[in-house]
């Protein structure tokens, strides 16, 4: 058994605790049946995003979202319905399951800059207003995305 290398520099950045684990699923209705006993009750919402930057282009996406909980961690299930986003790529690759980890931060843009030297690139980005900004970051060879969410409260 080989030892997993640690990236001490990345660990020293002081990321806040993870506050959400996001799953992409083919059907949120199936996710209710499959995971309701573990993470329910769920709150369901239209999670569509208009005019977000996705891989350098302005794109719209239609998403159906469930929010549940496990202790202090929010559990999110996302069904891609149409448009362009990281969720579409995930489903089109034939995948379903854990997709991203979310960190609530005070400065999304600042965290994007902090993680760039570690190979993370912002692939999906939306600034709703001066207080609410989110971004998904990916790193080559790593299937798990990181989400930063800047939002008061």
Original post:
Here is a list of conditions, (1) under 16 Å from residue 20 (Cα atoms); (2) within 14 Å of the chain's Cα centre (by Cα), and residue 138 meets all of them except one; can you say which number that is?
Top reply: (1)
Original post:
Does residue 110 meet the test of being under 19 Å from residue 52 (Cα atoms) and surrounded by fewer than 15 Cβ atoms within 10 Å (Cβ to Cβ)?
Top reply: yes
**OP:** Working only within segment 113-127, note down all residues that are surrounded by 13 or more Cβ atoms within 10 Å (Cβ to Cβ) and outside any strand (DSSP E or B).
**Re:** 114, 115, 119
Original post:
What number of residues in segment 83-103 are under 12 Å from the mean Cα position of the chain (by Cα) and closer than 18 Å to residue 134 by Cα?
Top reply: 8
**OP:** Test residue 57 against the stated conditions and say whether it is more than 15 Å from the chain's Cα centre (by Cα) and either under 16 Å from residue 135 (Cβ atoms) or surrounded by fewer than 13 Cβ atoms within 10 Å (Cβ to Cβ) (or both).
**Re:** yes
Original post:
How many residues, within segment 76-97, are surrounded by 14 or more Cβ atoms within 10 Å (Cβ to Cβ) and either without any contact (Cβ under 8 Å) to a residue 24 or more places away in the chain or assigned to a strand (DSSP E or B) (or both)?
Top reply: 8
Original post:
Restricting to segment 26-43, what's the tally of residues that are in a loop (DSSP other than H, G, I, E, B) and either closer than 18 Å to residue 80 by Cα or modelled with pLDDT under 95 (or both)?
Top reply: 4
Subject >> Per-region count, segment 57-111, residues within 17 Å of residue 35 (Cα to Cα) and touching a strand residue (DSSP E or B) at 6+ places or on another chain (Cβ under 7 Å) >> reply: 17
**OP:** Exactly one condition in (1) modelled with pLDDT under 95; (2) surrounded by 11 or more Cβ atoms within 10 Å (Cβ to Cβ) is not met by residue 5; state its number.
**Re:** (2)
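The values are calculated or read from the model by the stated rules, or taken from the named source; none is laboratory data. Values in this document were obtained by computation on a predicted structure and should not be read as measured data. Here Cβ is always computed from backbone atoms with ideal geometry, including for glycine, and neighbour counts include all displayed protein chains.
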